[in-house]
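The values are calculated or read from the model by the stated rules, or taken from the named source; none is laboratory data. Everything numeric in this text was worked out from a predicted model, so none of it was measured. Cβ placement follows ideal geometry from the backbone for every residue including glycine, while neighbour counts extend to all protein chains displayed. Quick note on the areas: whole protein, heavy atoms, side chains included, nothing else; ligands and nucleic acids left out. Shrake-Rupley method; radii C 1.70, N 1.55, O 1.52, S 1.80 Å.
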Amino acid sequence: MSRRTPLQSVAQVLEQIAPLSLAESWDNVGLLAGDHADAVGRIMTCLTLPQTTLDDAIEHRADLVVVHHPIPFKPISRITGESPTGKLLLSAIRSKIAIYSMHTAWDNAHQGINRQWANALQLVAHTPLKVSTIPELREMNLGTGIAGILNPPQTIEEIQTAIASFLRTPSLRATHPPHRKISKLGIVCGSGGSMVSLAAEQGCDGFLTGEATYHQCLESEALHVAMIMTGHHASEF
């Protein structure tokens, strides 16, 4: 029989990697389904947990799924088979599969998605767009998003070329012309368009995110911050 570890111990390790206090206030992170007293032998990781992925977890006899996007994301009043979320949670519970989400805690973590982007684009002088108010996290220079210097400055086209190579996808959009040069880039993966104002406050003239609304794109233009969008899935995958 394979070695099994208490779920509580696994959760503690995950919290060391991505402290839950780093998550945004609107988020739903940590253990979302399961019992800390249960034992875990096999773990599956994924970006999102649709029924097809849960079916894979069941087939491979996983005890825990560590998923990026939380399920449930918003509070639900009942768990029944009448809704997709309820049906999925029922299926996981019946199969004794626990669900743990790291989401924005992992986005903002020391080795998390935003900093991986910063490293991939070779930004220097990293700093959060908004430093955490929690003393121990502030001392570690952690918080919401990331910003850094492009040395030397690069055009949007050059940044998009680097991103396309990193992602192996040509699906990129920008709010400004390709020749526009960027010297300081802010980064928030996923649906980060609402944080373009934080980038402007930090002196960024460029902002990389997964997706943004029409009005957030207009805001970026008004703030003179060129926004580059990769697509939500691509920015986190």
Whole-number percent relative contact order across the chain, with pairs defined as alpha carbons under 8 Å at least 6 apart: 15
Of SER77, PRO153, VAL124, whose Cα points farthest to the positive end of the dipole of the chain (charges on the beta-carbon: +1 Lys, Arg; -1 Asp, Glu; origin at the Cα centre)? SER77
Where a ≥ b ≥ c are the square roots of the eigenvalues of the C-alpha gyration tensor, would you call region 171-215 rounded, which needs a/c under 1.5, or, failing that, prolate if a/b is larger than b/c, or oblate? oblate
Explain nothing, just the number: dipole magnitude of region 1-125 about its Cα centre with +1 on each Lys and Arg Cβ and -1 on each Asp and Glu Cβ, in debye rounded to the nearest 20. 220
How are the Cα pair distances of region 113-229 distributed, in percent, across 5 Å bins from 0? 2, 13, 24, 27, 20, 9, 4, 2, 0
Report the convex hull volume per residue for region 1-45, counting only C-alpha atoms, in Å³. 88
Given a 1.4 Å probe and the protein chains all in place, what does the accessible area of GLU158 round to, in Å² to the nearest 10? 100
Going by the alpha-carbon gyration tensor, a ≥ b ≥ c the square roots of its eigenvalues, is region 1-82 rounded (a/c under 1.5) or, if a/c is not under 1.5, prolate (a/b greater than b/c) versus oblate? oblate
State whether region 93-160 is rounded, prolate or oblate according to the following rule on the C-alpha gyration tensor (a ≥ b ≥ c being the square roots of its eigenvalues): a/c under 1.5 gives rounded; otherwise a/b larger than b/c gives prolate, and the remaining case gives oblate. oblate
